[in-house]
Amino acid sequence: MESTDGLSDGGARRRVSCLIMDGVFSFAIPVLEEMGIPYIYFRTISACSFWPYFCLQEIIDAGEVPLIGKDEDKLTCWNKKEMDMMVTSVPGMERILRLRDIPRFCRVEDVNHPGLQTMKIETRRTADASGLILNTFEDLEGPILDEIRKHIPNLYSVGPLHALLKARLESEGMESLHNRSSSFWEEDQNCIAWLDTQPASSVIYILVGNKARFHRGNDTGNENEIPMELEEGTKSRGYMVGWVPQQQVLAHPAISAFFTHSGWNSTIESITLGLPMLCWAYFADQITNSRFVSEVWKVGLDIKDTCDRIIVEKMVKEVMDVRRDEFLERAHSMASLARKAISEGGSSYLNLNRLVEFLNSTVS
């Protein structure tokens, strides 16, 4: 790529004026700097997850990582009481974040671990960009966004993006464009027909993502195969499917709660629709998201590291019965704030306009 290159447009040559790039792809920066092209980072994680990533050096300096002792296995690490000690080195999270809630790549023996160091270096480089885009909104993560702005002033919170896009398209008479799926996997629409046959608020939607796997102890079978007895035994009261149109499922009146891995897309989609969550986080940003769902936003329960069948049964009863009204009231309140953010004059609506203005200013 040379500085004289451009984009073809009907025979005309146009110079790239700005690049929006993934927040862990900094290998492109030397080329951009050589060509004098500004760049903006877009991180697909929450603000509450990004901020500990950004503060990893402070966490290391405080001796709060590494989390695993020498020759200590992961299960022992998860179960030790020290994991519930509060993290004191992340400003604004001193009374929220436990060692258990910082990203799983911190669960290493050595602070020089490549995964830990890569994430620390990549995230810190965000401060050198012309701005940062996050799929969140001010009323959801305002205090954390304020902390981030001390280091990255040009921060654009434009979420929930999926709802903002839908609202913008509808306002311009192009709502049909929003009905097109952007999924990489084929969606099974039959699950919607099955949900149509279920009573209102009677179904829990369970999703563990496309990477996590269930291990079956000493079972030597193929771990990618669903046990026959599980598939057959649940047919009368459940529906098992490979991939679903998630936003349609979450919005269906039969759905009462979301048993989720706490990935950010799933989390913010659930918040937007006012749906309580059961959070079984596995890795990356999921670990911190689940804590905020439970302890800050109070729209669900966090069961990471403790998820045996007894805990699952107890927590399902909490969300579906014992504390159902409490969670629903809080979830509906957060959903109302999400709608406010994307409405005309709302924080995300205005921040998107501000982002567009900046992008236009780079065009000469």
Length added when fully stretched, L359-Q57, from 0.36 nm per residue minus Cα-Cα: 105.5 nm
Gain in span if fully extended, I29 to S333, counting 0.36 nm per residue against the direct Cα distance: 105.3 nm
Radius 13 Å from Cβ of T267, net charge of other residues (Lys, Arg +1; Asp, Glu -1): -3
Amide H contacts of V87 (H built 1.01 Å from N, under 5 Å, at least 5 apart or other chain): L97, R98, L99
Which of E170, E232 has the fewest Cβ neighbours within 10 Å, and the rest in rising order: E232, E170
FRET E, pair I121, R168, Förster distance 45 Å, beta-carbon r, rounded to 0.05: 0.80
Long-range HN-HN contacts of V108 with modeled amide H, under 5 Å: L67, I68
Gain in span if fully extended, E326 to K314, counting 0.36 nm per residue against the direct Cα distance: 2.7 nm
Cα-projected label distance for D22 with D188, points at 7 Å along beta-carbon direction, nm: 2.8 nm
Whole-Å distance, taken between Cα centres, linking the stretch 234-280 and the stretch 327-359: 22 Å
Average Cα contact separation per residue, the stretch 281-350, under 8 Å, 6 or more apart, as relative contact order %: 22 percent
Order of S348, S333, S256 under a 10 Å beta carbon neighbour criterion, fewest first: S333, S256, S348
Inter-label distance for S343 and S201, nm, one decimal - labels placed 7 Å from Cα along Cα-to-Cβ: 2.4 nm
Packing-based exposure ordering (other Cβ within 10 Å, fewest first) of T272, T118, T267: T118, T272, T267
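Any read-out appearing in this document is the output of simple, stated calculations on the displayed coordinates, not a laboratory observation. Remember, predicted model here, so these are calculated numbers, not experimental data. Ideal geometry is used to build each Cβ from the backbone, glycine not excepted, and the neighbour counts take in all protein chains shown.
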